[in-house]
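The values are calculated or read from the model by the stated rules, or taken from the named source; none is laboratory data. What you see is a predicted model; the values in this text were computed from it and never measured. Cβ atoms come from the backbone with ideal geometry, glycine included; neighbour counts cover every protein chain shown.
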Amino acid sequence: MSYRHVIITRFSVRFNMLTEQQGCLFSPKRLDRRMRVFKTICLPSILNQTSKRFYWVLLIDQKLNDKYREQLEDLTKEHDFIRILEWKPETYKLSRIDWLADAGIDTNVNHMITTRLDDDDALHADFTKLIQEYYKQKGHKVNYLQFITFPTGLIWMAKRGMNPFKMPFIALGMTLNVNVKNVPVNVYGFNHAHLKNSYKLRLKNPPYIYKWLSSKLKRTITYRNFQLKNAMLSIQTKIPMYIYSIHGENDSAAKYYAHLFRNGGMYPQQTVRQMIKQFGLNWSTLQKL
């Protein structure tokens, strides 16, 4: 069975053209900070992946300043698996997979695996390797779709430190494996908050995903053929599989999780130094953020 694995990252992209505060989104101060975080946390973790059999699509906005476009191009030009694509809201629909072809990715495959990653977060070096090993073992049998999540990770707050973090069906690293013929959508076709609720209520009929499939795909999918309990896989690991970063550019998250850092980071500095090596991160540059 053939497949493609694509990690999708949005770099300051407007998706709600009416309500998005463009002035804030594209302000030099914000973008300078965002670029530093991207280069320090997100980019190294992708370049450090032990399996390179995947694509990384960086979506950029049509109004992104040339200064930042050129920086992204310079950072990624030596890596053919990284594709920069200007988002065209009048043409593309985020939930679909057909627009991936404009990034030079062949979508004529049996299965499409897509992973969600924000531009300020990190994935463990073995993330893509584990996803692809699972596909070879069981994922190639998926007839409709299957979500994969790693709930165990780390949370890092600038100037505070690092703590353990665990959240079922966290958006960070959420992965969707679909049978392209039956379900031509990517991981952004679903709201992760709804998925968490569906996971808790997965024995009830019909759950959120079942209703979504029936309405969006405009075809009849019987619950007998689509079992939600088999479509939502939470893989428990002893090692943290992601780093969720909190900094000045995501203040809402900082307020929500500030209580975790009342006494600073739980892990001592030497432990953090060792842990971030698994993500390809550098301690000295991380400390400067």
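Comparison of Lys52, Lys77, Lys129 shows that the only residue that is basic (Lys, Arg), over 18 Å from the mean Cα position of the chain (by Cα) and farther than 23 Å from Lys288 by Cα is Lys77. One residue stands out in the stretch 55-74 among those that are part of a loop (DSSP other than H, G, I, E, B) and in contact (Cβ under 8 Å) with a residue 40 or more places away in the chain: the one that is nearest to the chain's Cα centre (by Cα), namely Asp61. Filtered by the rule that a residue be of a type in the set (D, E, K, R), part of a loop (DSSP other than H, G, I, E, B) and within 18 Å of the chain's Cα centre (by Cα), the stretch 97-126 gives Asp118, Asp119, Asp120, Asp121, Asp126. Only one of the listed residues (Lys166, Lys159) is within 21 Å of Ile239 (Cβ to Cβ) and of a type in the set (Lys, Arg). That residue is Lys166. A single entry from Ser2, Ser45 fulfils the requirement of being under 28 Å from Val178 (Cβ atoms) and surrounded by fewer than 20 Cβ atoms within 10 Å (Cβ to Cβ): Ser2. Within the stretch 149-168, being surrounded by 22 or more Cβ atoms within 10 Å (Cβ to Cβ) and under 19 Å from the mean Cα position of the chain (by Cα) holds for Thr149, Phe150, Gly153, Leu154, Ile155, Trp156.
Checking the structure you have, find out if any residue of the stretch 51-66 is out of contact with any helix residue (DSSP H, G or I) (no Cβ under 9 Å at 6 or more places or on another chain) and closer than 21 Å to Lys277 by Cα. No, the stretch 51-66 contains no residue that is out of contact with any helix residue (DSSP H, G or I) (no Cβ under 9 Å at 6 or more places or on another chain) and closer than 21 Å to Lys277 by Cα.
Of the residues making up the stretch 69-107, those that are polar (S, T, N, Q) and within 14 Å of Asn186 (Cα to Cα) are Ser95, Thr107. Pick from the stretch 48-84 the residues that are among the acidic types (Asp, Glu) and under 23 Å from Gly173 (Cα atoms): which of them is surrounded by the fewest Cβ atoms within 10 Å (Cβ to Cβ)? Ranking the candidates gives Asp80 first. Close contacts from the stretch 1-26, counting a first residue that is closer than 30 Å to Gln137 by Cα and at pLDDT 85 or above and a second that is among the acidic types (Asp, Glu) and not in a strand (DSSP E or B), with Cβ to Cβ under 6 Å and a gap of 6+ residues or different chains, come to Thr9/Asp119.
Criterion first (in contact with a Phe, Trp or Tyr (Cβ under 7 Å, 6 or more places away or on another chain) and hydroxyl-bearing (Ser, Thr, Tyr)) does Ser45 satisfy it? Against the criterion (in contact with a Phe, Trp or Tyr (Cβ under 7 Å, 6 or more places away or on another chain) and hydroxyl-bearing (Ser, Thr, Tyr)), Ser45 qualifies.
It is to be established whether one or more residues within the stretch 46-53 are assigned to a helix (DSSP H, G or I) and at pLDDT 95 or above. Yes: the stretch 46-53 contains one or more residues that are assigned to a helix (DSSP H, G or I) and at pLDDT 95 or above.
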